[in-house]
Amino acid sequence: MTETPPNHTDRLRRFRAAYGVARAREGRGGEAELLALPYVTQGPLAREWSVRARSFDALAARWLLDGPRRILDLGAGNGWLCYRAAQNGHRPVAVDVRTDDVDGLAAANGYRPHLETLFPRVAASFEGMPFRTDSFDVCIFNASLHYALDLEAVLREVTRVVVGGGRIFIIDSPFYRREEIGRQMVEEKKRNADRQFGDLADDLAGLPFIEFLTPRRLRDGSSRLGLAWRRHRVWYPLWYELRPLVALLRRRRPPSRFDVWESIVP
């Protein structure tokens, strides 16, 4: 595993450690889950992965059969997406700030017996990646862009490392139609942090992540980079698609949704 220079703040160090603990408490990890991802059908995380599997299927339809390609998986976690890409002849690289063996980069060791060569893993922030210009054909923000600290800086770095004409995808980051709805979500998250995370709350909430996206946020963060985004509607499980109606009937804020967003690097 390749490590970047030690330039993370103490808050980021604590966040990484707390995130791994939180994931372990959720029951993540294990070889059976690792090899099944994203098609987890049993256990406490099956409902979550039933949504993420639809995102992956929609994404795969646009690049998985078009290869081989150099793939940059940002927010790779345990590398499940890189594993799927490598099985289809692509050359993926996994990037994450977490290196733990729960579902961080070290957990990808479980894929080693199932691949001829394990994909490279790089511990780095999105704002400063140790790659040369034009190193990749495709970049995928894998449930991760909402963890950016500076949206424009992250997108600028990605446009540097992806070749002109290459593609950038965003999957499984929460999008809202309007800024104020996203801000309501953030306030709710802060109010519920102690109840949800207990002793980990301060460390998990200690960094000013952007937390969510809107079409306008994405457009503003991309305007000086020449990126234009296209949304690909994904049909998720029925319970997920009915959430806006349920929220309306219960007089709650509208929920986020995922979908796949795509841009071509100029």
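The values are calculated or read from the model by the stated rules, or taken from the named source; none is laboratory data. The structure displayed is predicted, hence computed values, not measured ones. We place every Cβ from the backbone using ideal geometry, glycine too, and count neighbours over all the protein chains shown. The accessibility values were calculated without ligands, DNA or RNA, using every heavy atom of the protein model including side chains. Shrake-Rupley method; radii C 1.70, N 1.55, O 1.52, S 1.80 Å.
A few remarks follow.
- Accessible area per residue for the chain, computed on protein heavy atoms with a 1.4 Å probe, is 50 Å².
- Descending principal axes extents, the chain, alpha-carbon based, whole Å: 51, 40, 39
- Residues of segment 167-185 falling in the label zone of residue 134, defined by backbone nitrogen less than 17 Å from a point 7 Å along Cα to beta-carbon, are 167.
- Residue 87-residue 152 FRET efficiency (beta carbon distance; Förster radius 45 Å; 0.05 resolution): 0.85
- Distance between the C-alpha centres of segment 227-266 and segment 50-81: 18 Å, rounded to the whole angstrom.
- The smallest convex shape that holds all Cα atoms of segment 61-215, its convex hull, gives 124 Å³ per residue.
- Summarising the strand pairing of the chain, around 30 percent of its internal DSSP beta bridges are antiparallel.
- Expressed as a fraction of 2.2 N^0.38 Å, the C-alpha radius of gyration for segment 51-127 is 1.05.
- Helices assigned as whole DSSP H runs in the chain whose Cα atoms extend at least 18 Å along their own long axis and whose mean Kyte-Doolittle hydropathy is -0.5 or higher are found at 46-63.
- Volume per residue of the convex hull around the Cα atoms, evaluated for segment 97-187, comes out as 134 Å³.
- Within the assembled protein chains, the solvent-accessible surface assigned to residue 139 is about 0 Å², based on a 1.4 Å probe.
- Spatially, segment 116-147 and segment 176-196 are offset by 28 Å when compared through their Cα centroids.
- Model label zone, residue 62; criterion: amide N under 13 Å from point 7 Å along Cα-to-beta-carbon; scope segment 227-243: 228-235
- Accessible-area value, residue 56, 1.4 Å probe, nucleic acids and ligands omitted, Å²: 10
- Full extension of the chain between residue 247 and residue 48 gives 69.8 nm of extra length, using 0.36 nm per residue less the Cα-Cα distance.
- Translational diffusion coefficient (Stokes-Einstein; Kirkwood radius from C-alpha pairs) of segment 175-264 at 25 °C, 0.890 mPa s, in µm²/s: 161
- Here is the list for segment 126-171: trypsin sites (Lys or Arg not before Pro) lying in DSSP coil, each with at most 11 other C-beta atoms within 10 angstrom of its C-beta, are 132.
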